[in-house]
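What follows is a short report on a single structure.
The values are calculated or read from the model by the stated rules, or taken from the named source; none is laboratory data. Bear in mind the structure is a predicted one, so any value in this text is a computation, not a measurement. Counting neighbours? That spans all protein chains shown, and the Cβs are built from the backbone with ideal geometry, glycine included. In case anyone asks, the SASA skips ligands and DNA or RNA and just uses the protein heavy atoms, side chains included. Shrake-Rupley method; radii C 1.70, N 1.55, O 1.52, S 1.80 Å.
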Amino acid sequence: MTDQKILGFSTRQVHVGTTAAPATPRALPIHLTAGFTFDSFEEGVAHFGEGTGYGYTRTGNPTIDAVEEKLAALESGTRALLVGSGQAAVSTAILALAGAGDHIVSSTHIYEGSRGLFLDLLPRLGISVTFIDDIADPEAWRAAITDNTKVLFGESISNAANLLFDVAAVAALGREYGIPLVIDNTFATPYLFRPLEHGAALSVHSTSKFLSGQGSVIGGVIVDGGTFDAVVHGARFPHLVAKSRLGGASFAEKYGASTFTGYAKESVAPRLGPTLSPLNAFLIGQGVETLSLRVREQSRQALVIAQYLQQHPAVESVDYVGLPTHPSHELAQTLLPRGYGSVFSFTLRGGRDSAARVVNTVQTFTHMTHLGDVRSLVLHPETTSHAFRTPEERAEVGVYPGTLRVSIGLEDLDDLIADLDRVL
Ligand code: PLP
C-alpha cells in the first residue's frame, strides 16, 4: 500500500491496521468478514469460474468451513453445510430435493416448526406432504410413496413421545425407490446416534441445541452421508444431473458423492440466503468440543430423573426411551448404547393446573422453549409448542393437558430432584 504519511485521515482510518500478522492460532480464528480480497485479476476469475478460494461469506468462509468439517466428521458424513438456524437446515435440505409438483413423506412425530413448514409453506410452493403416524411400520411409508415423492423425513428421537425412528428400515425402503431419507438428529446428537451410519442420506440438526450447548447461538447444519447416487436416481432429481445453465458440468459431475450438499451449498443456501455468522460458527465449534462430556452426563442425569418421576404419585406417565416401559426401549438397546438422551416428557395426574403450578414454582429448572442447554429447562407443550395442534393431534404425539417437557442440564442431580420434589 502507498506510504501512510501521504494518505489522508479518512483513508488511513479505513485501510491501516486491518490485516493481522501471519500466525498459527491454536483456537479456530473467527473470520468475521463479509468478503475476501482477490490478490489478482486471475484469482477473481478463478473464484467465480471454478469456485476456488473465498470471495464472499454467503458462499464460503474459512471459520464456517472448519466447523462444517468437524460436524461432518462427527456425524460420519462426507460434507456438511452450516446455515442460520435448524429451521433453515430443514428447509434448505427439503428445497435441495423437492420443487413444485413434488411430494414428501414425513413422520407426524416432528418438531412443530418443521411441521408448520410442511403444512403451511411447502404447499404454497407446490410441494405436498403426507404424514405417517405409525412410524415403526415400513408398510405405512411404502403406501404413502408416489412417483413424485422426493424426501422421506423423520426425527431420530421424537418430541414429545420420545419415539425412536427405525432409520435402517425406512432408509432401506427409500433405497428401493431411490428416495433419500432425511433425519433430524437434534435430540440424539452424533454422540448418541449417527443416522448416516444406518442408511439415511442426510442428517440435519438445530445446532442451537446440544451442539452449541450453551443456549447462546441459533444455527443449523445439514450433513451428507455421501451414499446417494444422484446419477442413478437422476430421473427423480433432474436438477442434480442437468448441465448448468451455460452448458457446464452438472452438480452430480461436480460433487459426486456429496451432490446434495454441493447443490444445497452452491444453489439453495446462497440463493435463499440463510447464512450463519462466522462468530456463531465459532461458538458452535467451541460447543462441539465438549459435546460428548455434556451429552453423556445429561443422559445419565435424565435417566435418574425419569426413574424418580416414574415412581412419584403425582405423575401419571413418563415418556423416556431409557425406561423399560417405553415402546421404543428395546430398539434403544441397539441404537443408543451410549445413553438415551436428556429431553423427554412426563404427564401429571393433576392436568393443566398442576402443570401450571410446576412451571410457575420451579427454581433450578428454567421455564423456556429451548432444549439441549447446560441448564435444565421445562415447558408445557399443550399451551406453547403444540398449541396449534388439535387435542386429537396432540394426543397422537403424546401431549396432554398435564404433560411437561424437560431438557436435563448439568446442574447437580440432587438439586434438580429437590426442585421437582418440592414442586410436585
Ligand atoms: N429440529 C428440532 C428437533 C428442534 O427441536 C428445533 C427447535 O427447537 C428445530 C429443528 C429448529 O431449530 P432452530 O430453532 O435452530 O431453528
Fill in the blank from the handout: the chain, Gaussian network, Cα under 10 Å: of S407, S216, S156, the residue fluctuating most is S216
Handout entry: segment 291-423 - percent of accessible surface contributed by carbon and sulfur, probe 1.4 Å
Key = 52 percent
Exercise for the section: Take the alpha-carbon centre of segment 16-87, take the same for segment 410-424, and report the distance between them in whole Å. Expected result: 44 Å
Completion exercise
Straight-line reach check, K209, cutoff 12 Å on alpha carbons, 8 or more apart in-chain or any other chain, hits among aspartates and glutamates -> D373
Completion exercise
For the chain, the per residue accessible area (1.4 Å probe, Å²) is 45 Å²
Fill in the blank from the handout: Listed by chain and number, the aspartates and glutamates with an alpha carbon less than 17 angstrom from that of K150, same-chain partners under 8 positions apart left out, are D102, E176, D184, D224, D229
Completion exercise
Bridge orientation stat for segment 41-288 from DSSP, antiparallel percent rounded to 5, came to 40 percent
Handout entry: Amide proton proximity set for E155, modelled H, under 5 Å, gap of 5+
Key = D184
Problem - Among T59, T364, T33, residue whose mean-square fluctuation peaks in a GNM of the chain (springs only between Cα atoms under 10 Å) - result: T33
Problem - Carbon/sulfur fraction of accessible area - segment 142-246, other protein chains in place, 1.4 Å, % - result: 53 percent
Problem - Amide proton proximity set for D319, modelled H, under 5 Å, gap of 5+ - result: S345, F346, T347
Problem - Between segment 297-376 and segment 188-267, the Cα center-to-center distance that results, in Å - result: 32 Å
Problem - Mean separation of Cα contacts under 8 Å, 6 or more apart, over the residue count of segment 155-216: relative contact order % - result: 31 percent
Exercise for the section: Under a 10 Å cutoff between Cα atoms, tell me which one of S267, S277, S328 has the largest fluctuation in the Gaussian network model of the chain. Expected result: S267
Exercise for the section: List the longest stretch of the chain that has no exposed loop site; here a site is one of the trypsin sites (Lys or Arg not before Pro) assigned by DSSP to anything other than H, G, I, E or B, with at most 12 other Cβ within 10 Å. Expected result: 27-242
Completion exercise
With the chain reduced to its Cα atoms and the Debye formula applied, log10 I(q)/I(0) at q = 0.09, 0.12, 0.13, 0.14 1/Å amounts to -0.59, -0.97, -1.11, -1.25
Exercise for the section: Would you compute, from DSSP H runs of 4+ residues alone, the mean residue ellipticity of the chain at 222 nm, taking -39500 (n - 2.57) per run and dividing by the full residue count, rounded to the nearest 500? Expected result: -10000 deg cm²/dmol
Practice task
Determine the percent antiparallel among the DSSP beta bridges restricted to segment 291-423, to the nearest 5.
Solution key: 85 percent
Problem - DSSP bridge orientation in the chain - percent antiparallel, rounded to nearest 5 - result: 55 percent
